[in-house]
Structure formats: structure tokens, C-alpha cells
Amino acid sequence: VSHVGPLGFLADGIVLSPKCFNYESHPDNWAERVLRHEMNHFVFFSQLDYGKIQRHPLWVSEGLADYASLMHREQISSADSIEYIAGKCELLQQFPTEINAQYWAGRSFYKFMEEEKGGIGVRTFIQDLYSNPLEYALNETFNDSTDVKQLWVDNLRERLAPADSLLQN
């Protein structure tokens, strides 16, 4: 539950649809995942500094909420998914919504960040987002690296390569 006030978007609470508790049509931990996902949104949006206008792309909050809601944070393991990210996902822009890239690709970015910068790096990145533009948070986290997206895609490709060679053998 939220509203837009004079200082921006404010999160007031969480409402869950009863459908998320329909265990017959969802995985075993579905309700827990939904609750974790929505709780993450509540915490994230409650902490933003609305005195400074921050309009982060949707992948920032949806990817973070998905990353936080999964107990096992496996990385993308499909060459097609990696090429989709390489061709269509720009970090400073909205990710395509046609196949929910803001969720799975956003989650993948946070997982990549965890692998590269550790949990403290992810935490610092999120804290930077509360008061700063996304570009600032990326530059701080990756030490002004000129192409963070390329680092991410290269990391995904490197992790996929050993799995591909095992399949070929």
C-alpha cells in the first residue's frame, strides 16, 4: 500500500493477495517468496530520501526484491538469457518488460554484484541508491569502471563456459 505525497512515493504497508497462499498452484515456498519480495519493497521504498528526487529504473527495485526473496540465488545458466541481457538490458534504463527482465535480469545483476563485491558491496550499493542516482551508486561500487554491464555479461559468460564444456564431454 502506498501513496504519492509532496515528497514522492511513500510505502505505507504490504497487502498480499489470497492467491499467493494457494499452495496447489505454486511451489512449496511461494507464499514465503512473495512475502519476502514485498517486504523488501517496503523496506527499500521506506528508506529512499524523497528530498532528493530519485527515479531508478524498475529493475533496481524488482531485481533487488527478487534477489532478496530467493533462498538459493543461482545465476543465469542459459546462453540465450545472457545474450538477451547483452543486447537489450542497459543498466541506466528500464529493462524490457516483455519477458519480465526487470525481475530475472535484475536479480542476476545483484547476484553478479554479490560475487564481485561481496555482501558488503551489495549493501553499500543499496545504501547509495537511497539518496543518489543509479549512475553514482554503480560508479562507487565498481570504482568508476566504464562498462559495468560488460563486466556483468563477461561474468555470466565465464560461468556458463565450464557448464557448456561439461555438456560437450
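The values are calculated or read from the model by the stated rules, or taken from the named source; none is laboratory data. What you see is a predicted model; the values in this text were computed from it and never measured. No Cβ is skipped: glycine too gets one built from the backbone with ideal geometry, and neighbour counts run over all protein chains shown. With ligands, DNA and RNA removed, areas are computed over all heavy atoms of the protein, side chains included. Shrake-Rupley method; radii C 1.70, N 1.55, O 1.52, S 1.80 Å.
Compute, for Glu115, the solvent-accessible surface of its heavy atoms (probe 1.4 Å) with the complete set of protein chains present, and express it in square angstrom to the nearest 10.
For Glu115, solvent-accessible area is about 60 Å².
Return the distance in nm (one decimal) between the two label points of a simple spin-label model at Arg157 and Arg123, each offset 7 Å from Cα along Cα→Cβ.
3.4 nm
Leaving out ligands, DNA and RNA, what percent of the accessible area of the stretch 104-160 is carbon and sulfur, probe 1.4 Å?
41 percent
For an R0 of 25 angstrom, estimate the FRET efficiency from the Cβ-Cβ distance between Arg36 and Glu140 and round to the nearest 0.05.
So the FRET efficiency works out to roughly 0.40.
Too long at a 23 Å Cα-Cα cut-off: which of Lys52/Lys111; Lys19/Lys111; Lys117/Lys149?
Distance filter (> 23 Å) returns Lys52/Lys111; Lys19/Lys111.
By how many nm would the segment from Asp80 to Gln93 grow when fully extended, if each residue of separation counts as 0.36 nm and the alpha-carbon distance is taken off?
2.6 nm
Averaged per residue, what accessible area in Å² does the stretch 95-163 show with a 1.4 Å probe, protein chains only?
Per-residue value: 49 Å².
Residue by residue through the stretch 139-145, which ³J(HN,Hα) values in whole Hz follow from phi under the Karplus form 6.51 cos²θ - 1.76 cosθ + 1.60 (θ = phi - 60°), with glycine and proline marked x?
Using θ = phi - 60°, the values come out as 5, 5, 5, 9, 6, 6, 4 Hz.
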